[in-house]
């Protein structure tokens, strides 16, 4: 059975920077959860950041800084590598990650100015997973993820 890496906040864990979650409820997720498909990870927590924590965004130079100006790039890179390692450990080929996150955004991230503007881009964990051949989906792409999962399982 194929496993899926899922952002801990989407799974319902209160790991967001503000101490909340981003729980997604959907029949597909309920089914996959019952099947035991999910491997849960928050790259930011795995990288050593606390909850709650100041919001962080990727800057134009590629580093990650908090709204208070602290450089947290190393923690974000560590979390990205933890995500890759977990996928290798469990032979995971698919990931469901939180859009807009500086770690998990698969198509959009914030612009680094802390003004709420989103730009095209990937978070550090999403980019690392993609670079290692893992297909990354956001919570807005559940049908696409289901199709990819079915395609993988049809090959076995």
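Values in this text are rule-based calculations from the coordinates and carry no lab data. These numbers come from a predicted model, not from an experiment. Backbone-built Cβ (ideal geometry, glycine too); neighbour counts: all protein chains shown.
The table that follows gives values for the structure above.
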read-out	value
Qualifying residue in the range 25-42 (condition: surrounded by 17 or more Cβ atoms within 10 Å (Cβ to Cβ) and closer than 17 Å to residue 127 by Cα)	yes
Pick from the range 64-100, criterion without any contact (Cβ under 8 Å) to a residue 60 or more places away in the chain and touching a strand residue (DSSP E or B) at 6+ places or on another chain (Cβ under 6 Å), ranking: farthest from residue 9 (Cα to Cα)	71
Test for residue 95: is it closer than 16 Å to residue 126 by Cβ and more than 14 Å from the chain's Cα centre (by Cα)	no
Verdict on residue 126 being under 16 Å from the mean Cα position of the chain (by Cα) and surrounded by 13 or more Cβ atoms within 10 Å (Cβ to Cβ)	yes
Qualifying strands (runs of 3 or more DSSP E) (wholly inside the range 30-70; at least 1 residues being over 18 Å from residue 129 (Cβ atoms))	56-58, 64-66
